[in-house]
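Structure, as C-alpha cells:
The values are calculated or read from the model by the stated rules, or taken from the named source; none is laboratory data. Given the structure is predicted, the values throughout are model-derived calculations rather than measurements. Glycine also receives a Cβ, built like all others from the backbone with ideal geometry; neighbour counts cover every protein chain displayed.
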Amino acid sequence: MLLTYMEVHLYYTLPMLGVLSWLSRPYYTSTDSLKFKFLSLVAFTTASVWDNYIVYHKAWSYCPTCVTAVIGYVPLEEYMFFIIMTLLTVAFTNLVMRWHLHSFFIKPETSVMQSVLVRFVPITALLIIAYKAWHLAVPGKPLFYGSCILWYACPVLALLWFGAGEYMLRRPLAVITSIALPTLFLCWVDVVAIGAGTWDISLATSTGKFVVPHLPVEEFMFFALINTVLVFGTCAIDRTMAILHLFKKKSPYQRQYQREKTFVHQILEMTWAFCLPDQVLNNETFHDLSVSWDILRKASKSFYTASAVFPGDVRQELGVLYAFCRATDDLCDNEDVPVQKRKDQLSTTHQFVSDLFSQKSSAPTAIDWDFYNDQLPASCISAFKSFTRLRHVLEADAIKELLNGYKWDLERRSIMNQEDLRYYSACVASSVGEMCTRIILARSDKAYSQQETQWIIQRAREMGLVLQYTNIARDIVTDSKELGRCYLPQDWLTEKEIGLIQNGRAREIGEARLLSLSHRLVYQADELMVVANKGIDRLPSHCQGGVRAACNVYASIGTKLKSYKQHYPSRAHVGNSKRVQIALLSVYNLYTAPIAIKQGRQGKMRNLNTI
C-alpha cells in the first residue's frame, strides 16, 4: 500500500508525539519549553543544510507523488520530520529522566585525572571518527551516506560529552532507555515507509546492508546517532539547569528577573554552567543536599513518593524544606535527650531563623556555622545549610509558627478543645503548607497579585489542617505508647480515657472508641479538604499534579482508617503500589477519593470528591 509522506506523519509520528505530549503535560515547565525550542532550532537549522546536501548527491530519494511540496531538494514533510523527531525524543527523555534529582549525578569529589580521562578519551575518538568520515564521504561511493551521518553527528556528540559525559555515565540505564526506544520506534516507521515506497535509500551511496528487511544499516545508524545527540543535549541542559539552580544568586526579585530574561540571555547562562567541570563546584552543597534528601527518604514514604511528580527544582526545594522541618522536629521529640537540652536546641533554632532573615544573602556562608556546630547534630547542620537557600522565598513568621508548635510539645501542653487542636495543627502543619506554597509560587512564570497569593496560601493552610488531623487520627495509639501524649481534644474524652492515653494505654479505651475518635477527626479533615482542594487549581499548572498527588497520598491514610470497622490499627498504612497508583492518577487529575462527611446528629453520610 502506497503511503504519502504526510500520511506517515498522520498515522505514525504525530499520534506518538500526541501521546507523549499528553503524558508530559502535568510536568511541563519553562525548562522543558527551553529544551524544545533550543534543540528544535539547532536540529532544524543544521539538518536542513545537511539533508539538502545528501539529497542533492542522491543518498536518498522520495516518491514525487507522495510529498506535498519540495523546498530546495527536500520535501516539506522532511522538514517537519526534523521537528517531530526532536520533540518526540526530547519528550520521551524528559519522562525517563525526571524521576531522580539531576543534582545527585553531579560529583565534585571526582578526581581531576579521572574526569580528564572520562571526558577527553571519548572526545578524541569521536573527533577522529568525524575526521575520517569527512574524507570518506565521496559522492557516488558506497560509504557516502554512512560517512555523512558520522561527520554530521560525531562533532556534536564530542561537544555534548565535554559538558555532560560524566553526568550521563552516572545514569546509564536512563540514557540507554531514552536512546533505544525512540530509535526502535523510528526504525519501525522507516521500515513501513520504505516498504510502502514513500522514500528509498540509494544503493550507489550506501553499503547495501540491512539490519532487517527495508532497514538499511545507514538508516539505523542515522536514527541511533541523532537520537543519541538529542538525549545527550537533553542531559546537558538538565545538568546545566541543576548547577544554575544551586549556585545562582537568589533574591526576592528573582521571579520578575526570570520572566524578563531573553532567550539569548538564558542560553548564555547555560553555556557558562555547561562549561563548568564538577570539581569547581562546592562539594559541601551537594553533601548537604544529599543528607537532607536522606532525611526525607527515611522519614516520610508518602511525601517521598509524591514528591517525584513535582518538577525537579520545586521537588528539590520542597525536599529541603521537609528535611528542615523533620530535623527540627527530631530535635524536640528525641526522648533520649533531656528536656532542658531540647529547649536549648529550640532556642538555638530560633536564633538561626533570626540570623538567617537578618542577612542580606541566602548563601550558607553568611551564617556563623561554628556556633551552631557546637549546639546541634551534624545531620541537622546539613539540613540547616540547605535551608538557607530558601530564605528568598519564605517568610520568617511561618517558620516561627512551626517552632511554636514544637514549643507546645516540649512544654507537654494538652489540647483542651477544638480551638487548641486547630491552633496546634496550624503551628505544625499549616505553617508547612504555607511554606510549600511560597516555594511553588516562586517557581511560577505567572505573576500573582498579593490578594491571589494570600487566598492560595489560606487554602494551603487548610490543607495543612487536613493532613495533621489525619496524622493525629492515625497515631492515637502510637503517640500514647511512644510519647505518652494525647493530641485529641480533651473535651472529647472522659477523665479515665485521658489518663489511659497519657499513660501509654490507649488501646484499653476499646477498639470501638478508638475508631469513633479517629473517624471523627477524619470526617473533619474531609470537610476541610473540600475547600482546601480549590486552591490547587490556582497553582502553577506544572505543580498542580504534584500537590494533588502529595495531598491525596497522605489523605489516603484517612480513607484507610475509615475502612476499619472492628479493629483500630496501631498505624494505618497504605502500601507502596497503592501510593504510586494514587500519585500517578492524581497527577493526571484522574483520581477520585470518596469523602464521607457526617451530617448532623443523624450520622448520615454523603460522598464528595476531593477533586
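Each row is one residue, and each column tells you yes or no for (1) among the aliphatic types (A, V, I, L, M); (2) in the same structural domain as R171 (by the TED database); (3) touching a strand residue (DSSP E or B) at 6+ places or on another chain (Cβ under 9 Å).
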position: Y12; (1), (2), (3): no, yes, no
position: T46; (1), (2), (3): no, yes, no
position: I54; (1), (2), (3): yes, yes, yes
position: H57; (1), (2), (3): no, yes, no
position: T68; (1), (2), (3): no, yes, yes
position: S103; (1), (2), (3): no, yes, no
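Need the failing condition index for V264 against (1) over 25 Å from the mean Cα position of the chain (by Cα); (2) modelled with pLDDT under 90; (3) in a loop (DSSP other than H, G, I, E, B), just the number.
Failed condition: (3).
Of the residues V553, V547, V477, V530, which single one is of a type in the set (A, V, I, L, M), touching a residue at least 60 places away in the same chain (Cβ under 8 Å), touching a Pro at 6+ places or on another chain (Cβ under 9 Å) and not assigned by the TED database to the domain that holds A308?
V477
Y469 - would you say it is farther than 16 Å from L528 by Cα, in a helix (DSSP H, G or I) and of a type outside the set (K, R)?
No: the conditions fail for Y469.
What number of residues within segment 494-508 are farther than 14 Å from P569 by Cα and assigned to a helix (DSSP H, G or I)?
Going through segment 494-508 one residue at a time, the tally reaches 8.
Do any residues in segment 215-242 that are buried (at least 22 other Cβ atoms within 10 Å of the Cβ) have Cβ atoms under 6 Å from those of residues that are part of a strand (DSSP E or B), where the two are at least six apart or on different chains, and which pairs are they?
Taking only residues 6 or more apart or on different chains, the pairs are P216/I201; P216/F210.
Do we find that F144 is in contact (Cβ under 8 Å) with a residue 60 or more places away in the chain and either crowded, with 18+ Cβ neighbours inside 10 Å or among the polar types (S, T, N, Q) (or both) in this structure?
For F144, the condition - in contact (Cβ under 8 Å) with a residue 60 or more places away in the chain and either crowded, with 18+ Cβ neighbours inside 10 Å or among the polar types (S, T, N, Q) (or both) - is met.
Filter segment 96-132 down to residues that are touching a Leu at 6+ places or on another chain (Cβ under 7 Å) and of a type in the set (F, W, Y), then give me how many there are.
Matching residues across segment 96-132 total 0.
Among the numbered criteria (1) under 39 Å from the mean Cα position of the chain (by Cα); (2) surrounded by fewer than 20 Cβ atoms within 10 Å (Cβ to Cβ), which single criterion is violated by M168?
Evaluating M168 over (1) under 39 Å from the mean Cα position of the chain (by Cα); (2) surrounded by fewer than 20 Cβ atoms within 10 Å (Cβ to Cβ) leaves (2) as the failure.
Among (1) in a helix (DSSP H, G or I); (2) under 23 Å from F324 (Cα atoms); (3) not aromatic (F, W, Y), where does R412 come up short?
Of everything listed in (1) in a helix (DSSP H, G or I); (2) under 23 Å from F324 (Cα atoms); (3) not aromatic (F, W, Y), R412 misses just condition (1).
Taking segment 563-611 on its own, how many of its residues are part of a helix (DSSP H, G or I), of a type outside the set (A, V, I, L, M) and either modelled with pLDDT of 75 or more or at negative phi (or both)?
8
Conditions (1) surrounded by fewer than 20 Cβ atoms within 10 Å (Cβ to Cβ); (2) of a type in the set (K, R); (3) under 30 Å from E497 (Cα atoms), marked per residue:
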residue: F324; (1), (2), (3): no, no, no
residue: D344; (1), (2), (3): yes, no, no
residue: D355; (1), (2), (3): yes, no, no
residue: D370; (1), (2), (3): yes, no, no
residue: D374; (1), (2), (3): yes, no, no
residue: L390; (1), (2), (3): no, no, no
residue: D397; (1), (2), (3): yes, no, no
residue: N404; (1), (2), (3): yes, no, yes
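Restricting to segment 473-493, name every residue that is in a helix (DSSP H, G or I) and buried (at least 22 other Cβ atoms within 10 Å of the Cβ).
Of everything in segment 473-493, those that are in a helix (DSSP H, G or I) and buried (at least 22 other Cβ atoms within 10 Å of the Cβ) turn out to be A473, R474, I476, S480.
Please go through segment 135-166 and give me each residue that is in a helix (DSSP H, G or I) and farther than 30 Å from W272 by Cα, ordered by number.
H135, L136, F144, Y145, G146, S147, C148
Table: residues versus (1) more than 28 Å from V8 (Cα to Cα); (2) surrounded by fewer than 18 Cβ atoms within 10 Å (Cβ to Cβ); (3) under 32 Å from the mean Cα position of the chain (by Cα).
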residue	(1), (2), (3)
H102	yes, no, yes
K107	yes, yes, yes
S115	yes, yes, yes
T124	yes, yes, no
A130	yes, no, no
A137	yes, no, no
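Looking only at segment 296-314, which residues are surrounded by fewer than 24 Cβ atoms within 10 Å (Cβ to Cβ) and not in a loop (DSSP other than H, G, I, E, B)?
L296, R297, K298, A299, K301, S302, F303, Y304, T305, G312, D313, V314 - these are the residues of segment 296-314 that are surrounded by fewer than 24 Cβ atoms within 10 Å (Cβ to Cβ) and not in a loop (DSSP other than H, G, I, E, B).
So which helices (runs of 4 or more DSSP H) are wholly in segment 1-81 and hold at least 3 residues that are more than 23 Å from F185 (Cα to Cα)?
Once the helices (runs of 4 or more DSSP H) in segment 1-81 are filtered for at least 3 residues that are more than 23 Å from F185 (Cα to Cα), what remains is 30-56.
Which one of these is in contact (Cβ under 8 Å) with a residue 40 or more places away in the chain, outside the structural domain of L289 (by the TED database) and part of a helix (DSSP H, G or I): V353, V432?
It is V432.
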